[in-house]
Amino acid sequence: MYEREDFYTNGKNYLPIVEMNVDFFIYIDAGKDQSITPISVLNNLIDAVEAALKPNPQTQRQTLGGLVSHCYIDGKIMKEPGDLDGDGIAVIPVKILATV
């Protein structure tokens with residue numbers, strides 16, 4: 001995980017709100033086995049991150065167990081599947097909102 005930047009604003013009742021922008025990096029090494037499709041391995045891991053950040057159906061928010069007010073994927077997911085050497089990477093942009 002790489003933290004890009006934080007933005008602070010005043011929210012309701014002047015409580016400070018911090019908006020954290022982070023990138024989740026997923027690295028794979030599918031090796032040179034021709035029977036393995038690296039993008040399939042990478043997509044399965046991306047799906048797992050998406051499932052982990054899925055909002056609660058009742059509140060429509062992911063709070064990371066009450067630690068933050070919102071956490072969600074925000075932007076374009078970059079993929080380099082590693083077709084030539086089996087080394088792949090995905091970068092998933094995530095936004096986290098919390099009161100301080």
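The values are calculated or read from the model by the stated rules, or taken from the named source; none is laboratory data. Because the structure is a prediction, the values reported are computed rather than measured. Note that each Cβ is placed from the backbone with ideal geometry, even for glycine, and that neighbours are counted across all protein chains shown.
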For Lys54, the lone unmet condition from (1) part of a helix (DSSP H, G or I); (2) within 14 Å of the chain's Cα centre (by Cα) is (1)
Listed by first then second residue, the pairs whose first member lies in segment 1-12 and is surrounded by 10 or more Cβ atoms within 10 Å (Cβ to Cβ), whose partner is among the basic types (Lys, Arg), with beta carbons under 6 Å and at least 6 positions apart or on separate chains, are none
Of the residues in segment 15-71, those that are over 30 Å from Leu84 (Cα atoms) and of a type in the set (Ser, Thr, Tyr) come to Thr59, Thr63, Ser69
Selection from segment 77-97 of residues within 16 Å of Glu3 (Cα to Cα) and of a type in the set (Lys, Arg) yields Lys95
Within segment 84-100, of all residues that are surrounded by fewer than 16 Cβ atoms within 10 Å (Cβ to Cβ) and under 30 Å from Gln34 (Cβ atoms), the one modelled with the highest pLDDT is Val91
Only unsatisfied item for Val22, checking (1) outside any strand (DSSP E or B); (2) surrounded by 15 or more Cβ atoms within 10 Å (Cβ to Cβ), is (1)
Restricted to segment 29-42 and to residues being closer than 22 Å to Tyr2 by Cβ and out of contact with any Asp or Glu (no Cβ under 7 Å at 6 or more places or on another chain), the residue surrounded by the fewest Cβ atoms within 10 Å (Cβ to Cβ) is Val41
Before we move on, is Gly75 closer than 23 Å to Val18 by Cα, assigned to a loop (DSSP other than H, G, I, E, B) and modelled with pLDDT of 95 or more? yes
Note on segment 10-19: residues part of a helix (DSSP H, G or I) and under 15 Å from Ser69 (Cβ atoms) are Lys12, Asn13
Pairing a residue in segment 53-79 that is surrounded by 10 or more Cβ atoms within 10 Å (Cβ to Cβ) with any residue that is modelled with pLDDT of 95 or more and hydroxyl-bearing (Ser, Thr, Tyr), where Cβ atoms lie under 8 Å and the two sit 6 or more apart in sequence or on different chains, gives Leu53/Tyr72; Pro55/Tyr72; Gln62/Tyr72
